[in-house]
Amino acid sequence: MRIGIVCYPTFGGSGVLATELGKALADKGHSVHFITYQQPVRLNVFNANIYYHEVRVPTYPLFDYPPYEVALASTMVDVINHHDLDLLHVHYAIPHASAAYMAKQIVAKQGRNIPFITTLHGTDITLVGKDKTYEPVVTFSINESDAITAVSNNLRDETYKFFQIEKEIEVIHNFVDIKRYQKKPLDAFRKVIAPNGEKILMHASNFRKVKRVQDVLHTFAHVVEHLPAKLLMIGDGPERNGMEMLARELHIEDHVRFVGKQEQMEDILLISDLFVLPSDYESFGLAALEAMAARVPVLSTNAGGLPEINIHRKTGFMAEVGDITMMGRYAVELLSNETLLATMKQEAYEQACRFDIEQIVPRYEQLYSRFCRMDVCNNV
Ligand code: GMT
């Protein structure tokens, strides 16, 4: 099939998932056309079946706000026509679903039918999409999608709760490529971070309020009172400066490293002992699943879709949002008990295997095949 994928090309979970999906589809012989304003960060491989089309947004002095959605819809039309696409798969509703609707209408006038599938990822529904400023367009463009998927049961339910959705939302959970984590941890790397054999805790996010990064630091402050430990803070975003200040206030700055955005997440995860994700909400928590694939137990909240991947006292621990006392206790309980840590590492890995790319990508292919002539679908 010839598939157009639209996503945010950043480190965010929706962009990561969309890019990994595109790469997997290309490996299976499909032609995959990424339509984004920048090369997606995980699109760091050469594959003859992958194409990248940059959305250029010309500026003009009259515009206070460059019309990105118009440029995106026009680029979609161009790629649909010139590469004879069979369907579009847009990740994150805003503004991708409405741009896809516009592109669909334009090519329909030219006598071409292009189905589009919208995958909902989280904040497009739970934070931004609900805002009155966007809601009518979000509701309309979701309903106009030929198929709608959500990355967790929780996100599907939240979408039905807050939007007047007239169609079935199919749940296709996020996935991870287990193979990528099947390598030896870099001992030298571990020694640089934790020279005296300290336990390594890790957090990775876009440092937005919804991530409650302050709770990572408070939890860690409790841990270092009980055992030698280091904390790696991966990513960047609006809360980062404040968090560096908080680390100083809590007198843990010598044990915490803020290392910014990282592309080699596998190597960092493989040397970690505990991944901390105390979010206010996660539709799924792809970062937690990637940690589990690297045999790292997860300490998370029980918000949103997190209970669909993290199993309390099995693959890690879950606490109520903001309960830093329990999070601190759970972290110490785990990190001071080598037997429990080894068991949870294994359980975390086994849980991640249930979300392996090999299990999930065929679900998307089955979905696509509903909208594509069988001769095209069989002849990838
Ligand atoms: O978490 C973010 O702020 C980024 C956001 C995104 O859209 O890139 O992540 C959302 O989509 C991910 C992939 O499906 C999910 O794993 C995250 O849980 C979800 N984030 C939220 O719901 C806050």
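Under 8 Å between Cβ atoms, at least 6 apart or on separate chains: pull out the pairs that start in region 274-300 with a residue that is under 11 Å from Asp215 (Cβ atoms) and end on any residue that is away from the ligand (no atom under 11 Å from the Cβ) and among the polar types (S, T, N, Q).
Note: pairs meeting the criteria are Val276/Thr219; Leu277/Thr301; Pro278/Thr219; Pro278/Thr301; Ser279/Thr301; Asp280/Thr301; Leu299/Thr219; Ser300/Asn310.
State yes or no: is Gly235 out of contact with any helix residue (DSSP H, G or I) (no Cβ under 8 Å at 6 or more places or on another chain), under 30 Å from Gln182 (Cβ atoms) and touching a residue at least 40 places away in the same chain (Cβ under 8 Å)?
yes
Does region 114-122 contain at least one residue that is aliphatic (A, V, I, L, M), assigned by TED's automatic domain parsing to the domain that holds Leu367 and farther than 27 Å from Ser279 by Cβ?
Yes, because at least one residue in region 114-122 is aliphatic (A, V, I, L, M), assigned by TED's automatic domain parsing to the domain that holds Leu367 and farther than 27 Å from Ser279 by Cβ.
Restricting to region 140-180, name every residue that is surrounded by fewer than 22 Cβ atoms within 10 Å (Cβ to Cβ) and hydroxyl-bearing (Ser, Thr, Tyr).
Correct list: Tyr160 only.
From the set of residues in region 286-323 that are away from the ligand (no atom under 15 Å from the Cβ), in a loop (DSSP other than H, G, I, E, B) and on the phi > 0 side of the Ramachandran plot, which is surrounded by the most Cβ atoms within 10 Å (Cβ to Cβ)?
That would be Arg295.
For region 11-41, which positions are touching a residue at least 40 places away in the same chain (Cβ under 8 Å) and within 16 Å of the ligand (Cβ to nearest atom)?
Phe11, Gly12, Gly13, Ser14, Gly15, Val16, Leu17, Ala18, Glu20, Leu21, Ala24, Val41
List pairs: first residue in region 122-139 and surrounded by fewer than 22 Cβ atoms within 10 Å (Cβ to Cβ), second residue modelled with pLDDT under 90 anywhere in the structure, Cβ distance under 7 angstrom, at least six positions apart or on different chains.
Tyr134/Val128; Glu135/Gly129
What is the number of the single condition among (1) outside any loop (DSSP other than H, G, I, E, B); (2) more than 16 Å from the ligand (Cβ to nearest atom); (3) within 26 Å of Ile117 (Cα to Cα) that Val224 does not meet?
(3)
For region 208-223: of the residues being among the hydrophobic types (A, V, I, L, M, F, W, C) and surrounded by 21 or more Cβ atoms within 10 Å (Cβ to Cβ), which is nearest to Gly15 (Cα to Cα)? It would help to see each step written out before you state the result.
We begin by selecting, within region 208-223, every residue among the hydrophobic types (A, V, I, L, M, F, W, C); these are 210, 213, 216-217, 220-221, 223.
Narrowing the set further to residues that are surrounded by 21 or more Cβ atoms within 10 Å (Cβ to Cβ) leaves 213, 216-217, 220, 223.
Details: Val213: 21, Val216: 24, Leu217: 27, Phe220: 29, Val223: 33 Å.
Among them, the one singled out is Val213.
Taking region 50-99, which residues are acidic (Asp, Glu) and within 25 Å of Val361 (Cβ to Cβ)?
Asp84, Asp86
I need the full set of residues from region 356-370 which are among the aliphatic types (A, V, I, L, M) and in contact with a Leu (Cβ under 7 Å, 6 or more places away or on another chain), in order please.
Of everything in region 356-370, just one residue is among the aliphatic types (A, V, I, L, M) and in contact with a Leu (Cβ under 7 Å, 6 or more places away or on another chain), namely Val361.
Among the strands (runs of 3 or more DSSP E) contained in region 112-218, which hold 1 or more residues that are among the hydroxyl-bearing types (Ser, Thr, Tyr), in contact with a Ser or Thr (Cβ under 9 Å, 6 or more places away or on another chain) and modelled with pLDDT under 95?
Fully inside region 112-218 and qualifying: nothing.
Looking at region 26-83 only, could you name the residues that are surrounded by fewer than 12 Cβ atoms within 10 Å (Cβ to Cβ), of a type in the set (S, T, N, Q) and within 22 Å of the chain's Cα centre (by Cα)?
Asn44, the sole residue that qualifies.
The rows are residues; the columns are (1) more than 30 Å from Lys184 (Cα to Cα); (2) in contact with a helix residue (DSSP H, G or I) (Cβ under 6 Å, 6 or more places away or on another chain).
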residue	(1), (2)
Ala291	no, yes
Ser300	no, yes
Gly316	no, no
Glu320	yes, no
Asp323	yes, no
Lys345	no, no
Glu350	no, no
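Filter region 229-252 down to the residues that are under 10 Å from Leu217 (Cβ atoms) and assigned to a strand (DSSP E or B) and list them by number.
Leu231, Met233
Suppose we keep only residues that are farther than 24 Å from Gly197 by Cα and either in contact with a Phe, Trp or Tyr (Cβ under 9 Å, 6 or more places away or on another chain) or more than 16 Å from the ligand (Cβ to nearest atom) (or both) within region 247-285. Which one would you say is modelled with the highest pLDDT?
Within region 247-285, the match that is modelled with the highest pLDDT is Glu249.
The values are calculated or read from the model by the stated rules, or taken from the named source; none is laboratory data. The model shown is predicted, which means the values in this text are computed figures rather than measured ones. Using ideal geometry, Cβ is built from the backbone for each residue, glycine included, and neighbour counts are taken over all protein chains shown.
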